[in-house]
Amino acid sequence: MRIRFRNLQFRMKEIGIPAQYRPGDKIILQGSKNDSFFLITGGRVEAYSEAGDERIRLACLSPGEYFGEISCLTGEASRSTYAALDDVSLLGTDREGLLGLLGDLPEFNRHIVETLCSVIRKGGTGPGAGTPPFSTVAGTGSPDGEGPAPAATCPGRPRIGLALGAGVVRGMAHIGVIRSLQKNRVPVDVVAGTSAGAMVGACLAAGFTVDMMEEIARSLRWSKIAAPVLPPGKGFLNNERLGRLLDRILGGKTFDQLALPFAVVAADACTGEEVVMRDGRVADAVRASTAIPAIFEPVLLNGRVLMDGAVVNMVPASVCRVMGADLVIAVSVSDFSFQSGPPRNIIMAILRYTDMMLKRQVALAKIQWADIVINVERPDLSGYNFREARQFIREGERAADSVMPRIKALIGAWRG
């Protein structure tokens with residue numbers, strides 16, 4: 001039995017538009033554009049593909065399952081036909097609605113990314129090509145397979161995504177990575193960032209030069225980005241100063257004013273859900289993404305209480321995939337080889353403990369989402385002292401330089 005996403009059904013009841021179909025009605029046609037995502041609320045839907053006179057049945061979908069997500073996201077023609085077997089009731093939404101669901105429902109988000117990755121890996125052309133083995137994937141409800149064109153048919157080069165991970169001051173190493181990419185003429189098409197990665201990613205997406213980013217990094221101090229909360233409540237510090245600083249540096253830009261597509265990852269402090277932000281003021285989103293639990297007070301934004309995105313997605317390679325990246329370069333700056341000796345104070349103790357808990361997320365990004373992971377490791381440097389920023393930047397450049405042959409080979413293989 002395939003698993004349903006209960007929260008998906010709840011959210012679709014809020015945003016979906018009801019639709020009814022009679023037995024035999026075709027809902028999505030193979031080879032046709034599809035701009036809708038559907039959840040089945042009643043009846044059964046058959047999915048099949050046609051090759052000449054041959055009709056290949058792919059699935060029989062029942063209430064609680066869904067279809068049309070891949071073609072809706074990518075704009076590609078559907079590789080399957082979906083037809084009503086009974087009197088069918090559906091809830092439908094458009095691409096914007098589907099993107100909202102991906103931002104609100106992390107497990108659903110991950111499944112869609114897995115489906116996209118499966119389609120890309122399998123490649124192929126023609127009806128049903130690239131269709132993932134949906135009956136063996138937990139949470140599936142669709143045999144879509146209408147993914148992006150396979151690598152061999154994509155002109156030019158892959159669409160490159162850069163996923164910048166969390167890491168407090170270690171995140172300044174991202175600047176060195178960007179310097180290495182630029183000097184080696186490796187373009188970046190989409191950017192996603194968590195916590196410190198969101199700060200650096202915002203500057204990159206806004207069109208800042210590496211020298212400008214380094215100047216900002218070297219000027220940072222805790223006193224410039226945080227203020228104590230007395231008496232401590234939901235945190236010891238608040239990061240309102242960081243929000244004001246970023247807003248000034250970025251000139252009050254909103255996401256749609258940036259030079260590159262950019263996404264910021266935060267976590268809902270009430271539900272634990274991943275929240276991917278791609279609209280509104282960039283500084284507000286970054287401030288929410290950097291609100292380290294127990295250290296900083298959570299940030300109230302768009303009716304949600306948000307905290308550091310590292311809790312749910314430390315290295316957001318999966319977000320780059322959802323944004324359409326063909327090749328994802330992920331940067332992990334969370335060095336889990338800690339300096340010797342006990343933490344100096346309670347804040348340092350919380351930061352170290354948080355790092356320990358999040359180690360698994362970095363491994364997940366490496367295994368599932370990223371094509372290549374650049375690891376920046378300097379256990380001899382403090383990840384919480386901004387005076388170390390310059391050395392982390394240099395280390396980031398060195399780490400990226402060391403894997404540059406592999407990055408170029410991946411790009412070359414795509415062209416080939």
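We did not get these values from a lab; they are worked out from the coordinates using the rules stated. Computed from a predicted structure; not experimentally measured. Please note: Cβ atoms are built from the backbone with ideal geometry, for glycine as well, and neighbour counts cover all protein chains shown.
Taking all Cα pairs closer than 8 Å and separated by 6 or more residues, the relative contact order of segment 230-317 comes to 34 percent.
Once backbone amide H atoms are built at 1.01 Å from N, A263 has V191, A192, G193 as its partners under 5 Å, excluding neighbours fewer than 5 places away on the same chain. Here the Karplus relation 6.51 cos²θ - 1.76 cosθ + 1.60, evaluated at θ = phi - 60°, turns the backbone of segment 82-94 into coupling constants of 10, 10, 6, 8, 10, 5, 10, 10, 10, 10, x, 9, 8 Hz, with x for every Gly and Pro. Taking each residue as 0.36 nm, the span from A413 to K224 lengthens on full extension beyond its C-alpha to C-alpha distance by 63.5 nm. Residues whose amide H comes within less than 5 Å of that of I372, counting only those at least five positions distant or on another chain, are V328, A330 (H built at 1.01 Å from N in the peptide plane). Neighbours of V319 by Cβ distance under 11 Å: Lys/Arg scored +1, Asp/Glu scored -1, total +2. Close amide H contacts of D25 (hydrogens built in the peptide plane, cut-off under 5 Å, sequence separation of 5 or more or a different chain): A84.
Computed 3J(HN,Hα) for segment 286-294, one whole-Hz value per residue from the Karplus formula 6.51 cos²θ - 1.76 cosθ + 1.60 where θ = phi - 60°, is 5, 4, 5, 5, 9, 7, 4, x, 6, glycine and proline marked x. Applying the Karplus relation 6.51 cos²θ - 1.76 cosθ + 1.60 with θ = phi - 60° to segment 308-319 yields 3J(HN,Hα) values of 3, x, 4, 4, 10, 7, 5, 10, x, 5, 4, 5 Hz, where x marks Gly and Pro.
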